[in-house]
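The values are calculated or read from the model by the stated rules, or taken from the named source; none is laboratory data. No experiment lies behind these values; they were computed from the predicted model shown. Note: ideal-geometry Cβ built from the backbone for every residue, glycine included; neighbour counts use all protein chains shown. Ligands, DNA and RNA are excluded from the accessible area calculation, which covers all protein heavy atoms including side chains. Shrake-Rupley method; radii C 1.70, N 1.55, O 1.52, S 1.80 Å.
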Amino acid sequence: MTPFSCLPSARNTTSPEAFLLRNPHLHVPKYRYNETQLPKKENLMWMPFQVPTRPYRPILSLTNSKLTQPSASISSFAEAEGEKEQKEGIQLETHDQEDAKTNEDDLPAMAQAFHISSRTASAIAIFIAFAALSLPFFMKSLGQGVSLKTKFLSYATLLFGFYMAWNIGANDVANAMGTSVGSGALTLRQAVLTAAILEFSGALLMGTHVTSTMQKGILVANVFQGKDSLLFAGLLSSLAAAGTWLQVASYYGWPVSTTHCIVGSMVGFGLVYGGAGAVFWSSLARVTSSWIVSPIMGAMVSFLVYKCIRRFVYSAHNPGQAAAAVAPIAVFVGVTGISFAAFPLSKSYAIGLAQALGCGAAGALLVHKIINKQLGHLLVKSTSSSHSEPQENTTQNKNLGLLSDIAGPKGTQLEIVYGVFGYMQVLSACFMSFAHGGNDVSNAIGPLAAALSILQGGSGNEIVIPNDVLAWGGFGIVAGLMMWGYRVIATIGKKITELTPTRGFAAEFAAASVVLFASKLGLPISATHTLVGAVMGVGFARGLNRVRAETVREIVTSWVITIPVGASLAVLYTWILTKLLPNIS
């Protein structure tokens, strides 16, 4: 074996130098030889080597493989120097590979997650920071014809709102994209780019234009009549407190509810500065009860959805055909429900229902065409093979129950099933991401718009949110998603249980269904908690030991302390702001 034996050679005997001159595109690893062990030049003997019949790979395995030994010996000079030198050999050092691995470990987490260079990651972060600091000067919401003090406070308020929106993007967007990344339906880079476009579009197009200072009915409005300065400080403190806790949770990869963060912050402010009568305690009780209701309902529905997939798709005579037939129906039901419940299509019930049905039919038709185009050759192959196979298990499969343990398909059938559910999961993730941008952006821009209204002479009770503030909140969500979103996505997609396209679709479809129906019925439901419970339910469907208890314990602990931590931080920040800015109005 020669140092060049990893390269393909010509059929005839040739020297490595001549072969490399004829093939300059080949990459040859650089070796470092120990000069003391090199034999004399006249004793060197090149051995002929031949080109393998199979096509060679452009990237040689030697340059990419991770050797377990720090060096490797080559015995091409054994015949000249004897058995002793064969054992000692020429020490082939792998410093280049070790340096590459060390450099990868030294990269920032964002660069490692997206497989980009450290310089590119730094450039993205600097661009976002520059845009966040400079864009408010071009916004009409900064104030027209107001004093310099008011403009400065408006600028600071916009930055507080951006901070909250940034943390919403870093933590909450995993609700839509986490399962798609975990199942392999989307890469992390694809998920972030897709979610960035849809989150911003949802925030700008579907974000509510009217909000109330007392978010979610937590605080009693009459308590703060005539106390605009205190209310302004409380609103900014709530944004800062919720953003701080979201940032801590995102750093550790804990999926927490952004709505609960805002609720906890406003409860702390209202309780300390408005008294016990300033808080709607019944509303607070409904919020805390969602810690139990949301994950249980999500787990139950996802358990049943996944078991139905195994019973009616996996056990079918042709699982691939069964999956292709079920997909348009599931998409029609899901898209229709999401469109009708989440998007304000029309004020008329009949027109809104007709529009939702049209969206569902369009989604089903789109999925049907995509499946036939991308997987049509596999479907034909599976149909021909299924006709040639004996139908031994057809009668047995008819007697299977919903909870029976059914083995999954293999080969071409498995490829079709995963492909079909992968497309369905991506589509559902896109809808959920768009809806999330329109719904949860209010957690950041609601208090932000109220604070701006107080500064500019409004009452703060009901505020019209301008388009530039909606876009500002959408930009904050996208920025947080790009810089830190991968942390919580990894928790939901990989750390709770192992996900495949079928499991990921079951979890996401179940979570979306529970959230939509519960919101219509007025039940206290958190989308984050529901999705975490749905992922756990899919794991339980495969066995209790399929769910990582340690990860679940950390997540539940973060849920329990969200409201107390948010309340404590809001009180602290309000105290600081009232000392620094005693005369805000």
Exercise for review: Considering only the range 132-166, state which residues are within 21 Å of Ala196 (Cα to Cα) and surrounded by 13 or more Cβ atoms within 10 Å (Cβ to Cβ).
Suggested key: Ala132, Leu135, Pro136, Leu158, Leu159, Phe160, Gly161, Phe162, Tyr163, Met164, Ala165, Trp166
Exercise for review: Given the conditions (1) of a type outside the set (Phe, Trp, Tyr); (2) free of Cβ contacts under 8 Å to residues at least 12 places away in the same chain; (3) buried (at least 24 other Cβ atoms within 10 Å of the Cβ), report the number of the one that Ser183 does not fulfil.
Suggested key: (2)
Check your understanding: Can you list the helices (runs of 4 or more DSSP H) found entirely within the range 227-341 that contain at least 3 residues being under 30 Å from Leu375 (Cα atoms)?
Key -> 281-309
Check your understanding: Which residue out of Thr500, Thr557, Thr578 is of a type in the set (Ser, Thr, Tyr) and open to solvent by less than 30 Å² (accessible area, probe 1.4 Å)?
Key -> Thr500
Practice item. Please determine, by comparing only the residues of the range 510-538 that are modelled with pLDDT under 90 and either of a type in the set (Lys, Arg) or farther than 18 Å from Asp172 by Cβ (or both), which one is least open to solvent (accessible area, probe 1.4 Å). Key: Ala510
Check your understanding: Does Arg310 satisfy the criteria of being charged (D, E, K, R) and under 25 Å from Gly438 (Cβ atoms)?
Key -> no
Exercise for review: Please find, within the range 288-330, the residue that is nearest to Thr500 (Cα to Cα) out of those that are of a type in the set (Phe, Trp, Tyr) and more than 26 Å from the chain's Cα centre (by Cα).
Suggested key: Tyr314
Check your understanding: Yes or no: Ala507 open to solvent by less than 20 Å² (accessible area, probe 1.4 Å), under 30 Å from Arg310 (Cα atoms) and under 16 Å from the mean Cα position of the chain (by Cα)?
Key -> yes
Practice item. Select from the range 308-329 the residues that are over 14 Å from Leu414 (Cα atoms), crowded, with 20+ Cβ neighbours inside 10 Å and of a type in the set (A, V, I, L, M) and list them in ascending order. Key: Ala327
Practice item. Could you tell me which of the residues Asp440, Asp468 is closer than 24 Å to Gly169 by Cβ, surrounded by fewer than 24 Cβ atoms within 10 Å (Cβ to Cβ) and among the acidic types (Asp, Glu)? Key: Asp468
Exercise for review: Run down Gly493, Gly474 and say which single residue is of a type outside the set (A, V, I, L, M, F, W, C), surrounded by 23 or more Cβ atoms within 10 Å (Cβ to Cβ), in a helix (DSSP H, G or I) and in contact with an Asp or Glu (Cβ under 9 Å, 6 or more places away or on another chain).
Suggested key: Gly474
Exercise for review: Could you tell me whether any residue of the range 175-183 is touching a Pro at 6+ places or on another chain (Cβ under 7 Å) and within 29 Å of Lys494 (Cβ to Cβ)?
Suggested key: yes
